[in-house]
Every structure is written in C-alpha cells, then in structure tokens.
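The values are calculated or read from the model by the stated rules, or taken from the named source; none is laboratory data. These numbers come from a predicted model, not from an experiment. Because the Cβ atoms are built from the backbone with ideal geometry, glycine has one as well, and the counts that use them run over all protein chains shown.
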Amino acid sequence: MQVFIQHTSAGLTINENADPTVRTDFETFFNRTVPEDISLYEHTLEGTDDMTSHIKSSLLGSSVSIPITNGELNLGTWQGIYLCEHRNHGGPRKIIVTLIGA
C-alpha cells in the first residue's frame, strides 16, 4: 500500500507510535533544526511557517509504503503512520492511498 499526501507543507513518516512523547520530540527536533526565523528565508508570503513547512516536508517526504499481509497492514509492533503537519494552523489535507498487487 502506498500512502501519498498532496501537499508541500505536511509530510508522512512511519515511526514509534506507542509513546506520545515521540510526537513531542519530533516537533521539538524540527523546530530547532528548521527555526521559524523569517530573516532566514525569502519565501515567506504566507507567514513565518511558510518556507519552514516546505523544508520539513522535504526532510520527511510525501509518501510511505507499507506491505499488506493477509489483509492487514504489516507494520512493526510499535510502528504507526504519522501525518506531520508543519504549518502552525494547517488546513484540510488530501491523502491518496493506492493498493498494489493481488
């Protein structure tokens, strides 16, 4: 199964999904790595999170692939699919899911 997000300011990833502090640490890491400092970027028409959202999305990517076994997603015990919203006030998002195979 391929999951694809049709946006340039949000991304998809697979990561540990049992402990909610993982999501907090993800956000902390991205905010430190790609700071919302408007003086660093030219593409800021939509605010301080404009270009930073595009960079964060590129770091994660826009799709994930997950095998399906016996009709079930074959994720690891602790894995989950994250839709990572990088805008401070993101809007609706469109996801395309494609099943490949027999």
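A compact table of results
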{"quantity": "Restricting segment 41-79 to residues that are in contact with a strand residue (DSSP E or B) (Cβ under 7 Å, 6 or more places away or on another chain) and in a strand (DSSP E or B), the residue that is surrounded by the most Cβ atoms within 10 Å (Cβ to Cβ)", "calculated": "64"}
{"quantity": "Top-ranked residue of segment 1-34 - restricted to ones that are β-branched (Val, Ile, Thr) and surrounded by 12 or more Cβ atoms within 10 Å (Cβ to Cβ), ranked as nearest to residue 61 (Cα to Cα)", "calculated": "13"}
{"quantity": "Residue in segment 49-64 that is among the basic types (Lys, Arg) and farther than 18 Å from residue 10 by Cβ present", "calculated": "no"}
{"quantity": "Residues being within 18 Å of residue 16 (Cβ to Cβ) and aromatic (Phe, Trp, Tyr) - total across segment 36-78", "calculated": "1"}
{"quantity": "Tally, over segment 59-76, of residues that are free of Cβ contacts under 8 Å to residues at least 40 places away in the same chain and under 26 Å from residue 29 (Cβ atoms)", "calculated": "1"}
{"quantity": "When residues of segment 87-102 are limited to those that are part of a loop (DSSP other than H, G, I, E, B) and not small (Gly, Ala, Ser), the one nearest to residue 4 (Cα to Cα)", "calculated": "94"}
{"quantity": "Options 18, 10: the member that is out of contact with any Pro (no Cβ under 9 Å at 6 or more places or on another chain) and farther than 21 Å from residue 98 by Cβ", "calculated": "18"}
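Yes/no matrix, rows are residues, columns are (1) modelled with pLDDT of 95 or more; (2) of a type in the set (Asp, Glu); (3) under 24 Å from residue 6 (Cβ atoms):
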| residue | (1), (2), (3) |
| --- | --- |
| 21 | yes, no, no |
| 29 | yes, no, no |
| 37 | no, yes, no |
| 47 | no, no, yes |
| 60 | yes, no, yes |
| 66 | yes, no, yes |
| 70 | no, no, no |
| 75 | yes, no, yes |
| 82 | yes, no, yes |
